[in-house]
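Working notes for the structure below.
The values are calculated or read from the model by the stated rules, or taken from the named source; none is laboratory data. Keep in mind it's a predicted model, so treat the numbers as computed, not measured. A quick note on method: Cβ atoms are made from the backbone with ideal geometry, for glycine too, and the neighbour counts reach across all protein chains shown. In case anyone asks, the SASA skips ligands and DNA or RNA and just uses the protein heavy atoms, side chains included. Shrake-Rupley method; radii C 1.70, N 1.55, O 1.52, S 1.80 Å.
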Amino acid sequence: MVKEWATVIHWHEGRALLRYGSSSGCGSCQARAACGSYLLNKIGPETVHQLELPVAQPLVEGQKVEVGIPENNLLLSAMLVYLTPLIGLFIVAGIASLWFSSEFAIFCSGLVGGALGFLFAKKVATWWSKDEGFEPIVLQIGLPPHELKVQFQE
């Protein structure tokens, strides 16, 4: 299960709007020199994402929620996005190489195959979006911000 903590922006009638982004602690571990996430966070813009999920328990703004998605579904989605256009490119370019002798025609056919693979991936992703197994689930709900009180003793 891949887990991420998110902050509640809004909750209304069982639907929660959550905000999550790159972790502020990313880059503090020993593996940062070889970590792809650290490098992407360093060169890319600060990205914040929003997600709407069903949550029966009433939530307040600023409350933390742990959201998870099964790893196998995440891997299937990644394979669909990255491999389907690549496979389409190779298959169509391979078939085109049997018909055409021009490298430019084979190249153009490969691009068409990649585009067809992308469109196929988009169609499959639409089917999968209706499957509840691909929807993130709420794993834990943190305390509301006003419930946590810190007392100092001198």
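What nm distance separates the two modelled labels at Glu52 and Leu75, each placed 7 Å from Cα along Cα→Cβ?
3.2 nm
Specify whether the C-alpha gyration tensor of the range 41-107 places it in the rounded, prolate or oblate class, a ≥ b ≥ c being the square roots of the eigenvalues: rounded for a/c under 1.5, otherwise prolate if a/b is larger than b/c and oblate if not.
Note, shape of the range 41-107 comes out prolate.
Can you list the residues, at least 5 places off or on another chain, whose amide H is less than 5 Å from the amide H of Leu18, using H built in the peptide plane?
Under 5 Å from the amide H of Leu18: Ile9, Leu51, Glu52, Leu53.
If you roll a 1.4 angstrom probe over the protein chains with everything in place, what fraction of the accessible area of the range 94-134 belongs to carbon and sulfur, to the nearest %?
Carbon-and-sulfur percentage of accessible area, whole number: 71.
Return the sequence-ordered ³J(HN,Hα) values of the range 122-133 in whole Hz as given by the Karplus equation 6.51 cos²θ - 1.76 cosθ + 1.60 applied to θ = phi - 60°, using x for Gly and Pro.
5, 5, 5, 4, 5, 5, 5, 5, 7, 7, 5, x
Could you run the Karplus curve 6.51 cos²θ - 1.76 cosθ + 1.60 with θ = phi - 60° over the range 105-114 and give me ³J(HN,Hα) per residue in whole Hz, x for Gly and Pro?
5, 5, 4, 5, 5, x, 5, 4, x, x
Using +1 at the Cβ of each Lys and Arg and -1 at the Cβ of each Asp and Glu in the range 51-154, identify which of Phe100, Ile69, Ile141 lies farthest towards the dipole's positive end.
Phe100
Considering only protein heavy atoms, with the full assembly of protein chains and a 1.4 angstrom probe, order Phe120, Phe134, Phe104, Phe152 by accessible area, largest first.
Phe152, Phe104, Phe120, Phe134
For the residue pair Glu135 and Ile91, what label-to-label distance in nm results when each label sits 7 Å from Cα along the Cα-to-beta-carbon direction?
3.1 nm
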